[in-house]
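Please treat every number below as a calculation from the coordinates, not as lab data. What you see is a predicted model; the values in this text were computed from it and never measured. Here the Cβ is made from the backbone with ideal geometry for all residues, glycine too, and neighbour counts use every protein chain on show.
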Amino acid sequence: MSKKIKLHVCAEGKHCSKRDGGKILKALKRAVEEQGLEDVLKVKCEGCLGLCSTGPTVIVTPAGIQYGGIEQSDCAELVRVTAAGGEPIERLLARTIKKKKKKKD
Ligand code: FES
């Protein structure tokens with residue numbers, strides 16, 4: 001039995017739900033379908049993942065990659081790169097988003 005890669009999407013957390021987490025969930029599911037990757041990737045709806053300040057948040061397991069500030073336009077790329085086992089998308093990493101926010105403050 002092969003283990004699927006999971007994309008945990010905070011769609012129900014207090015902060016991410018206000019930042020279109022539900023739309024991101026749908027866009028990721030659509031991207032998985034469009035790319036025919038249902039056997040490889042599973043998109044899961046979650047509550048708060050503890051990264052509220054960088055939401056909407058997506059965590060990839062088992063790799064443990066933490067993405068933040070995801071927009072619908074990022075979803076196809078995120079799915080493609082994740083399924084291919086490529087390097088994490090630097091601009092979408094939660095730590096990158098945090099650094100950008102700090103610079104603004
Ligand atoms: S509300 Fe989404 S990570 Fe906390």
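Note on region 72-89: residues that are outside any loop (DSSP other than H, G, I, E, B) and closer than 17 Å to Gly36 by Cβ amount to 10. Scanning region 62-82 for residues being within 15 Å of the ligand (Cβ to nearest atom) and of a type in the set (Val, Ile, Thr) gives a total of 2. Return yes when Glu38 is more than 13 Å from the chain's Cα centre (by Cα), part of a loop (DSSP other than H, G, I, E, B) and within 11 Å of the ligand (Cβ to nearest atom) and no when it is not. The answer is no for Glu38. Residues in region 1-34 that are assigned to a loop (DSSP other than H, G, I, E, B), within 11 Å of the ligand (Cβ to nearest atom) and either surrounded by fewer than 20 Cβ atoms within 10 Å (Cβ to Cβ) or not small (Gly, Ala, Ser) (or both): 2 in all.
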